[in-house]
1. Condition first: within 21 Å of residue 270 (Cα to Cα), outside any helix (DSSP H, G or I) and open to solvent by 10 Å² or more (accessible area, probe 1.4 Å). Can you find one or more residues in region 198-209 that meet it?
2. Of the residues in region 42-58, how many are open to solvent by 10 Å² or more (accessible area, probe 1.4 Å), assigned to a loop (DSSP other than H, G, I, E, B) and modelled with pLDDT of 90 or more?
3. Search region 240-255 for residues being of a type outside the set (A, V, I, L, M, F, W, C) and under 23 Å from residue 201 (Cβ atoms), and hand back the single one that is most open to solvent (accessible area, probe 1.4 Å).
4. Go through (1) under 23 Å from residue 67 (Cβ atoms); (2) in a loop (DSSP other than H, G, I, E, B); (3) open to solvent by 70 Å² or more (accessible area, probe 1.4 Å) for residue 97 and report which single condition fails.
5. Can you pull out the residues in region 137-153 that are of a type outside the set (A, V, I, L, M) and either touching a strand residue (DSSP E or B) at 6+ places or on another chain (Cβ under 7 Å) or more than 15 Å from residue 104 (Cβ to Cβ) (or both)?
6. Only one of 113, 80 is β-branched (Val, Ile, Thr), within 23 Å of residue 166 (Cα to Cα) and either open to solvent by 10 Å² or more (accessible area, probe 1.4 Å) or not in a loop (DSSP other than H, G, I, E, B) (or both); which?
7. If I ask for residues that are hydroxyl-bearing (Ser, Thr, Tyr) and assigned to a helix (DSSP H, G or I), which ones from region 309-333 would you list?
Amino acid sequence: MENSFTLVTIFGLLFTLGNVGPQAEAARAFFVFGDSLVDNGNNNYLATTARADAYPYGIDYPTHRATGRFSNGLNIPDLISEQIGSEPTLPYLSPQLNGQRLLIGANFASAGIGILNDTGVQFVNIIRIGEQLQYFRQYQQRVSALIGPEQTQRLVNEALVLMTLGGNDFVNNYYLVPFSARSRQFALPDYVVYIISEYRKILLRLYELGARRVLVTGTGPLGCVPAELAQRSRAGECAVELQRASALFNPQLAEMLSGLNAELGSDVFVAVACCGQGPYNGIGLCTIASNLCSNRDIYAFWDPFHPSERANRLIVQQIVTGSTKYMHPMNLSTIMELDSRV
């Protein structure tokens, strides 16, 4: 199987990240790493404020209960699992992830984390990306005891991987407070160069652990999310500095991924508010006191930071069938077609 890292750039969390038909082959394993955009419940098992385990989160989920997903319903990994013909992955910390369920894959993501270890320090107990990768290694040891090392390596090599990082390194680090430690250390352009270099190390470690098909998402329009509009906007305009951060980060991420693919000799990496309080429903996470929209399907955002299920569906549509404007060097449907020939 040809290797591939794909960049998915999420412009606006809505129109960046593209439906694969029914799969004749057995569903491949799926692994998820990253932050709250893709966390499906790991933080439920941690003593942290970065949790989505209470109403109204999950109000449109099949069970109508909060699951730990930062959404009114399904999130991006759930919808990708649908597209590849697989069951949704379980959180790695879930006690239900054992036996044959391990072969479906696992979700290692944790809300609040970033590329840097000092991102999200206010959330205290979260699974930083280095620890997520350690858990991935531990996962492989568990699966190896189940099906043997050779089959485990094949399962991992043939798996689809989703990596979503970067946004928190701006909103929950560099711009978290005026004169933050990182903003005093780096001018914004230099900070972006720094976090891109750190991200490169993370992706190389993921490759060393066996990942060969990796979707890497860019950031959305950070200055336009409801949380930033509520704090920084006077008349609904997007926050200029955060928009500048996205504009610097995404092209450099794409360039870094292209360089990694060239270095590795194959396309491993593929480059990819409706509830709240206060102005723009942009203050705080969703709680029982929030202003809950009756028709969540017409909103791009569910809470101050996270897309609604409807927006997630549009994002995944781009992941699957999007043009090279959004998916480089190929979209997920192309990946699936290529791999089916092997």
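1. Within region 198-209, one or more residues are within 21 Å of residue 270 (Cα to Cα), outside any helix (DSSP H, G or I) and open to solvent by 10 Å² or more (accessible area, probe 1.4 Å).
2. Of the residues in region 42-58, 6 are open to solvent by 10 Å² or more (accessible area, probe 1.4 Å), assigned to a loop (DSSP other than H, G, I, E, B) and modelled with pLDDT of 90 or more.
3. Among them, the one singled out is 255.
4. Every listed condition holds for residue 97 apart from (3).
5. Passing the criteria: 137, 138, 139, 141, 144, 148, 149, 150, 153.
6. Being β-branched (Val, Ile, Thr), within 23 Å of residue 166 (Cα to Cα) and either open to solvent by 10 Å² or more (accessible area, probe 1.4 Å) or not in a loop (DSSP other than H, G, I, E, B) (or both) holds for just one of 113, 80, which is 80.
7. Those that are hydroxyl-bearing (Ser, Thr, Tyr) and assigned to a helix (DSSP H, G or I): 321, 333.
This table checks each residue for (1) within 20 Å of residue 219 (Cα to Cα); (2) part of a helix (DSSP H, G or I); (3) at pLDDT below 85.
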position: 16; (1), (2), (3): yes, no, yes
position: 19; (1), (2), (3): no, no, yes
position: 22; (1), (2), (3): no, no, yes
position: 31; (1), (2), (3): yes, no, no
position: 37; (1), (2), (3): yes, no, no
position: 74; (1), (2), (3): yes, no, no
position: 93; (1), (2), (3): no, no, no
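The values are calculated or read from the model by the stated rules, or taken from the named source; none is laboratory data. Everything numeric in this text was worked out from a predicted model, so none of it was measured. When we count neighbours, we look across all protein chains shown, and the Cβ atoms used for this are built from the backbone with ideal geometry, even at glycine. Protein only, heavy atoms only, side chains kept; ligands, DNA and RNA dropped before computing areas. Shrake-Rupley method; radii C 1.70, N 1.55, O 1.52, S 1.80 Å.
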